[in-house]
Amino acid sequence: MKTTSILDHIGKTPLVPLRALGRGLPVPIFAKCEHLNPGGSVKDRLALALVDDAERRGLIGPGATLVEATAGNTGLGLALVAAVRGYSLVCVMPEKMSTDKRVALAAAGAKVVMTPNAAPDSPDFFQNVARRLADEHGWFLTDQFNNEANVRVHEETTGPEIAAQAGVPIGAFVAGVGTGGTLTGVGRFLKRSQPGVRVVLADPLGSGLAEWARSGVVGESAQYAVEGIGTSKPPAILDRSVIDAVESVADEESFAIARRLIREEGLLVGGSAGTAVAAALRVAASGRCAGPVVALLPDSWDRYLSRDWLADSPTR
Ligand code: PMP
């Protein structure tokens with residue numbers, strides 16, 4: 001047997017057509033099932049890439065402590081990698097994120113530091129706290145928001161997988177942005193290999209990113225409940241030039257679509273998958289796509305089971 005660890009099973013996730021949600025649309029919608037990674041999210045790819053890159057560059061050695069600012073998923077990915085490779089892990093997470101994620105991270109062996117839901121210029125902002133802890137303790141900041149290895153892994157794996165699995169030229173690729181690694185990496189690969197493809201940012205209503213993508217100036221921000229995507233601080237690695245269009249999606253629509261993905265498609269996903277698919281449905285319905293629309297499903301429902309949008313979802 002060639003397999004050496006669970007880390008060999010990161011990536012190569014399925015691409016499946018949305019037969020129920022996509023019914024009657026002029027082009028098919030395909031879902032890239034990143035929730036089926038071993039750690040339950042797209043962030044497994046990034047976690048492995050960040051650690052591989054740091055090892056290759058000699059920045060970390062046996063017994064090192066990794067620290068990361070995370071909405072939860074990168075932390076879980078890093079917890080898997082840390083377990084297999086023998087590192088310690090500290091995760092800095094804003095209060096907004098679900099209790100399920102906090103419990104999961106601690107259960108997976110990470111030390112979890114919670115921060116208030118502070119603005120990016122505050123010293124309490126989770127990314128600033130992670131950087132400060134790294135400096136103070138000599139821990140290695142994996143730095144998903146600034147590390148080009150984040151973009152590279154999607155350019156070299158997620159993008160090529162989608163193109164090969166679709167088998168026909170793609171009309172549009174739709175994803176949300178947390179760090180921007182997925183959208184930038186997949187977007188760059190597809191644009192290089194499929195000149196007609198449109199790259200669409202799916203952004204939660206309330207995020208200032210949509211306006212930034214359109215005009216270069218960050219828009220007004222307001223509270224929203226979808227986790228892991230949208231921001232008022234455009235991440236350094238997000239390449240604005242790959243974005244052709246933006247769709248803003250309200251919380252209620254994101255959660256309604258996520259529930260439909262669960263119940264009608266058997267795709268056990270979180271809220272940001274609802275955001276991406278809600279946007280993909282609009283893009284497909286616009287009649288402007290020559291090929292299928294691909295939406296990326298970032299994470300699994302298991303980290304939201306106590307959230308109202310799942311726990312209180314009405315029975316059929
Ligand atoms: N959805 C969820 C639930 C996430 O946690 C993240 C990453 N924070 C994303 C989507 C966005 O992925 P990326 O960081 O590659 O932009």
_Structure-based [θ]222 nm, the chain - -39500 (n - 2.57) summed over DSSP H runs of at least 4, per residue, nearest 500_ = -11000 deg cm²/dmol
*Lysine pairs in the chain with alpha-carbon atoms under 28 Å apart, 8 or more places apart or on different chains: how many are there?*
23
*Could you go through the stretch 262-274 in sequence order and give the Karplus-derived ³J(HN,Hα) for each residue, using 6.51 cos²θ - 1.76 cosθ + 1.60 with θ = phi - 60°, rounded to whole Hz, and x for Gly and Pro?*
5, 7, 9, 10, x, 9, 8, 10, x, x, 6, 5, x
*Shape call, the stretch 214-308: gyration tensor on alpha carbons, a/c limit 1.5*: oblate
_Residue-count net charge about Pro116 - beta-carbon cut-off 14 Å; Lys, Arg +1, Asp, Glu -1_ = -2
*asked:* From the phi angles alone, apply the Karplus equation (6.51, -1.76, 1.60; θ = phi - 60°) to the stretch 26-33 and give each ³J(HN,Hα) in whole Hz, x where the residue is Gly or Pro.
replied: x, 9, x, 10, 10, 10, 8, 8
*With a ≥ b ≥ c taken as the square roots of the eigenvalues of the C-alpha gyration tensor of the stretch 1-138, please select rounded if a/c is under 1.5 and otherwise prolate if a/b is larger than b/c or oblate if it is not?*
oblate
*Sort Leu50, Leu80, Leu21 so the one with the fewest other Cβ atoms within 10 Å of its own Cβ comes first.*
Leu21, Leu80, Leu50
*Summing Lys, Arg as +1 and Asp, Glu as -1, what charge do residues with Cβ under 10 Å from the Cβ of Leu21 carry, Leu21 excluded?*
+1
*asked:* Suppose we keep just the DSSP beta bridges with both residues in the chain; what percent of those would be antiparallel, to 5?
replied: 15 percent
*Using alpha-carbon pairs under 8 Å, 6+ residues apart, how would you state the relative contact order of the stretch 43-141 in percent?*
28 percent
_Residue order, fewest to most beta carbons within 10 Å, for Met97, Met114_ = Met114, Met97
*Which order, highest average first, do 138-149, 52-63, 215-226 follow once you tally other Cβ atoms within 10 Å for each residue and take the mean per peptide?*
138-149, 215-226, 52-63
*asked:* How would the stretch 68-172 be classified by its alpha-carbon gyration tensor: rounded, prolate or oblate, with rounded meaning a/c under 1.5 and the a/b versus b/c comparison settling the rest?
replied: prolate
*Long-range HN-HN contacts of Phe173 with modeled amide H, under 5 Å*: Arg198, Val199, Val200, Val294
*How about the stretch 227-307: which chymotrypsin sites (Phe, Trp or Tyr not before Pro) there are in a DSSP loop, with at most 16 other Cβ atoms within 10 Å of their Cβ?*
none
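Throughout, read-outs are computed from the coordinates displayed, never taken from laboratory work. Quick caveat: nothing in here was measured; it's all calculated off a predicted structure. Note that each Cβ is placed from the backbone with ideal geometry, even for glycine, and that neighbours are counted across all protein chains shown.
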